[in-house]
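Okay, structure first, notes after.
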Amino acid sequence: MSVHHWDSRTDGELSEAALRRKLEAQGYSVSRYVYPPGTHFPEHTHGADKIDAVLSGQFELTLDGVRAVLGPGDWIAVPRGVPHTATVLGNEAVVSLDAVKTR
């Protein structure tokens with residue numbers, strides 16, 4: 001599991017529009033979600049390759065037994081069929097871009 005980080009030197013200032021463009025350019029369909037504090041997704045899988053990206057807040061993901069904490073500008077690939085959980089950390093909502101591979 002590899003956490004990717006926004007690099008303002010090469011990508012410019014982090015914004016929803018800029019991160020959305022970056023994910024769409026890689027062949028993903030992108031949706032925006034806001035998860036309030038205390039949100040927890042129990043272990044589950046998806047039938048498509050995905051990316052979970054964070055614009056604000058902190059999101060803990062456990063992917064195939066490996067834990068990572070994502071903050072603003074971080075994203076992680078979640079391959080289809082791989083068991084994972086997700087939990088909002090702290091008292092701030094997570095604004096997330098959920099990207100599903102379309103090509």
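Every residue in the range 3-43 that is farther than 22 Å from T102 by Cα and in a strand (DSSP E or B), please.
Of everything in the range 3-43, those that are farther than 22 Å from T102 by Cα and in a strand (DSSP E or B) turn out to be H5, V34, Y35, H40, F41, P42, E43.
The rows are residues; the columns are (1) at pLDDT 95 or above; (2) out of contact with any helix residue (DSSP H, G or I) (no Cβ under 9 Å at 6 or more places or on another chain).
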site	(1), (2)
L63	no, yes
V66	no, yes
G73	yes, no
N91	yes, yes
L97	yes, no
R103	no, yes
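Listed residues T87, T39, T102, T45; which is farther than 18 Å from H4 by Cα, among the hydroxyl-bearing types (S, T, Y), touching a Gly at 6+ places or on another chain (Cβ under 8 Å) and touching a residue at least 40 places away in the same chain (Cβ under 8 Å)?
Step by step, each of T87, T39, T102, T45 is checked, and only T102 is farther than 18 Å from H4 by Cα, among the hydroxyl-bearing types (S, T, Y), touching a Gly at 6+ places or on another chain (Cβ under 8 Å) and touching a residue at least 40 places away in the same chain (Cβ under 8 Å).
Sort through S29, S56 and tell me the only one that's surrounded by 13 or more Cβ atoms within 10 Å (Cβ to Cβ), in contact (Cβ under 8 Å) with a residue 12 or more places away in the chain, touching a Pro at 6+ places or on another chain (Cβ under 6 Å) and not aliphatic (A, V, I, L, M).
S56
The values are calculated or read from the model by the stated rules, or taken from the named source; none is laboratory data. In this text the structure is predicted, and so the values were computed from the model without any measurement. When we count neighbours, we look across all protein chains shown, and the Cβ atoms used for this are built from the backbone with ideal geometry, even at glycine.
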